[in-house]
Amino acid sequence: MDFSKLADCGPCLRDSKKKLSSDWCIECAEPLCLACKKVHNLLKMTSEHHLVENQKSSSDSISYDDISDLRNCHIHQHSLIDRFCNNHSTMCCQCCIEETHFDCKSVESIETVAKNIKASSKVENTTLHLNSLIQLLTEIRNDKRSNIENFQHSEMEVKKKIEAAKINMIIRIKEMADSLTSELQNVKKTKILELEKQVKETEQQINKLEEKKKIIDLFNQKGSETHTFLLLQRLKSELAKEESMIRENIEECNNMYLSFDDGDDIMSLPKLLGKIDIISEPSAVKYKPSPTIKRRQDKTESALPVSHISSFKLSSEFDIDFDKGFVSGMCINEDDVILLCLRGTDKLLMYNLEGKPNGEIVVSGNPFDVSCVPETDKAIVALPDSSTLQMVDVDMKDAENIIDMPESCWSVTAVDNKLFIAGGFKSLYVMDIGGEKLEEITKPECGRTYSLTFAADKFFYCSDVDFKNEKVYCITEEGNFVFCYSNANLRTPTELAVDLTGNVYITDLDSNNVHRCSPSGDFLDVPIKGSDVTEPRSICFNRDSTHLALSNNSGKSICVYKSDV
């Protein structure tokens, strides 16, 4: 039902009056006339309600049924959604909370999580996703149309071959030639109808997505923050399904044309005159993952000067509240959210710099390392047990596409628009954000790489090539050796981090120290000593190098330090 069809004012009807409505109140879910609208805007309780003007064109009016569906719980039909569980990235009603989410520690009201949704990148990202899917479907449709023309053209080529075969076989095979021509027409008709049907179905998909895009634009202009958030949450799963179907469509999409096989021994068997074949070749349309717009920068650039960090001051320390598992890898995104790989589980935990839980993401396997993709709301997770990587949406707390790797990969780092991945014993892989392999780099030594970082066009990594005296290596993008850092007190390096000055920080699981060396591989000092931490496993800086996070107690707790310059 459209708002424009709700003609009678609700308050007036309750007062036994009948007036035409001019607006619809989304919160009150009723139409208002001009007089009631004025009172509605003056009352303190309703002054901030969202009003939508009745439209003459139904295409420019928000559907009431859609509004109701967004607010209704799909599990408990008569309950309204009023909470959002950050731990599971799920919308909940009161029944959902009582049945499933009663132990969840991060549950907020829909109004709280929907605040400033229109000013965030989510609306643009979802619109961008829709545009990408529409573009893919448009390419498929255009390719089908082109295929129809080429298919019709191939018919003429086949007819010429059939006529040549008829002349060579003279009159005795004329009837068979006519039969083949008839078969050609039937095959052509059937396949053309099939292709036209596919074009029509593709156009219907495009129209469907165009409608969703219009709804987003309309909600963004006239809907409330809450309903815009609810709409985006609903569309997320729908678009994922649409994208999956489009991807399958492209993988199954083949261009067809008619062909004729005239056989080798025409005189021996009449059927060897030839036959009509459908030749299928892969379509020129290729699946492309939906792009993501850059994250909006809500805060100014760091004021931290590019100079040596003299020391670190403990800012916060918190325990990881899980019975099993330990933190094996971590990163800090541009919103200063700490992402923790809980090895031994299927979870990616999130905390702020003060140690407050910010939810979790369930991934498809046992994670070991994670890296934030710069200027986006994405992160990439290494799942060595399944030889895969997985992209996750940090804002939506949702696991996304899986990238298959040729071998177990224990470490990953994202720089600009590239992924750098540590393979098994010999290789480092370079891929684009979509998972397309760009190159493979062979390391100068053959140890398993557990930690990898990339800075100033160089790779820094630690390897188990030498069990007696483990080292940290530095190589160029081409795989050429630069330096090898070793120290009598460096026993088991487990993780590396690089600050804005280019200095390299190395956690040592056995000595409990954190080593610092220069960009050229010279030992500088031990800024965090074993007397302050125990069995440090992972280490990372935030974007501005103002804070350093360290996993303590063999990955059972986290220490956050503030950098002193």
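Read-outs: derived from the displayed coordinates by stated rules, not from any lab. No experiment lies behind these values; they were computed from the predicted model shown. Using ideal geometry, Cβ is built from the backbone for each residue, glycine included, and neighbour counts are taken over all protein chains shown.
A few remarks follow.
- Full extension of the chain between N186 and F425 yields a length gain of 80.2 nm, computed as 0.36 nm times the residue separation minus the alpha carbon distance.
- Descending semi-axes in Å of the chain, equivalent ellipsoid built from Cα gyration tensor: 52, 44, 18
- Given R0 = 56 Å, the distance between the Cβ atoms of K562 and E53 translates into a calculated FRET efficiency of 0.60.
- Prolate/oblate/rounded call for region 481-565, Cα gyration tensor, a/c under 1.5 rounded: oblate
- Mean Cα-pair separation over length for region 119-282, i.e. relative contact order, pairs under 8 Å, 6 or more apart, %: 36 percent
- Calculated log₁₀ intensity ratio I(q)/I(0) where the Debye formula runs over C-alpha points of region 311-564, q = 0.09, 0.14 Å⁻¹: -0.33, -0.87
- Computed over the chain, the per-residue total of -39500 (n - 2.57) for DSSP H runs of n ≥ 4 gives a 222 nm mean residue ellipticity of -9500 deg cm²/dmol, rounded to 500.
- Rounded, prolate or oblate (a/c below 1.5 giving rounded, otherwise prolate when a/b exceeds b/c) for region 119-282 by Cα gyration tensor: prolate
- Projected-area mean, region 321-407, by convex hull of Cα positions, square nanometres: 5.2 nm²
- For region 84-196, the square roots of the Cα gyration tensor eigenvalues, ordered a ≥ b ≥ c, give a/c of at least 1.5 with a/b greater than b/c, which places it in the prolate category.
- A cut-off of 5 Å between modelled amide H atoms, ignoring neighbours fewer than 5 places along the same chain, links D23 with L32, N54.
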